[in-house]
Amino acid sequence: MKKIFFSFLIVGSLVLVSCKHDIPIDLNGTISQNCHPDTVYFGNTILPLLVSNCAMPGCHNHGELNLTSYASVMNSGIVKPGHPNTSKLVRVINGGGEEAMPPSPYSALTSDQINSIKTWIDQGAKFNSCIGCDTVNYKFAADIWPILNTNCYGCHNNNNPGGNIYIRNYTDVQAMVLDGSLIGSLQGNGYALMPKNSTGLQSCKIIQIQKWINDGAQNN
């Protein structure tokens, strides 16, 4: 009897230890009215990065490894909330070997983008987003390019020019402003709605871009 008791005790202890630091997944999601600078938000940063760099047509936009929504990302098992160093997503975006993502010849994520994903996982890999709308500031380097770099560059860089369209720098963006394709594709007006595999940019970001265009689309 004592042996049976101790066996249950050992097994129970192992279960408690293995689950002690697990963070439950909340599929309901939360939306904050303001964006906290120390928080990485899934809806604002992580999903756009995954859609632009991993969920291109023919890649991870369907099937078992679908990276186009929070539920599909979490159900894939590549993210362990609170544990970035043991999450497969972090391992593959850090590159190396056949598992490296995005695969060659696609461009690797930047160190800042990788750190954003690691921080989001470390903060619990929450299904969160924030509204925080700033339409007062719309400088190209500080405001416009970060939006395009996060949401568009992954599909329109040197190694992966979707539709033979490049969005690599100010010169590329300026050309799209002049022919009307930039705002047209972001609004789905006469062009396919972009970013692909998404419901479009937040209206606040589109307003920022539109104001920047109306103000002369300067390289400022």
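The values are calculated or read from the model by the stated rules, or taken from the named source; none is laboratory data. Keep in mind it's a predicted model, so treat the numbers as computed, not measured. In this analysis, Cβ positions are derived from the backbone assuming ideal geometry, glycine residues included, and neighbour counts consider all displayed protein chains.
Summary of computed values
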quantity	calculated
Residue satisfying all of: in segment 133-147; in contact with a helix residue (DSSP H, G or I) (Cβ under 7 Å, 6 or more places away or on another chain) and surrounded by 14 or more Cβ atoms within 10 Å (Cβ to Cβ); nearest to Thr171 (Cα to Cα) among these	Phe140
Condition met for Thr150 (within 23 Å of Thr68 (Cα to Cα), surrounded by fewer than 16 Cβ atoms within 10 Å (Cβ to Cβ) and modelled with pLDDT under 95)	no
Candidate set: segment 65-108, residues that are small (Gly, Ala, Ser), closer than 16 Å to Asp26 by Cα and out of contact with any helix residue (DSSP H, G or I) (no Cβ under 8 Å at 6 or more places or on another chain); chosen: the one surrounded by the most Cβ atoms within 10 Å (Cβ to Cβ)	Ser72
Any chance Gly180 is in contact with a Cys (Cβ under 7 Å, 6 or more places away or on another chain), farther than 25 Å from Asn115 by Cα and small (Gly, Ala, Ser)	no
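To keep it simple, each residue is scored yes or no on (1) touching a Pro at 6+ places or on another chain (Cβ under 9 Å); (2) assigned to a loop (DSSP other than H, G, I, E, B); (3) under 19 Å from Asn157 (Cβ atoms).
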residue	(1), (2), (3)
Val73	no, no, no
Lys80	no, yes, no
Leu89	no, no, no
Gly95	no, yes, yes
Glu99	no, yes, no
Tyr106	no, yes, yes
Leu109	yes, yes, yes
Gln113	no, no, yes
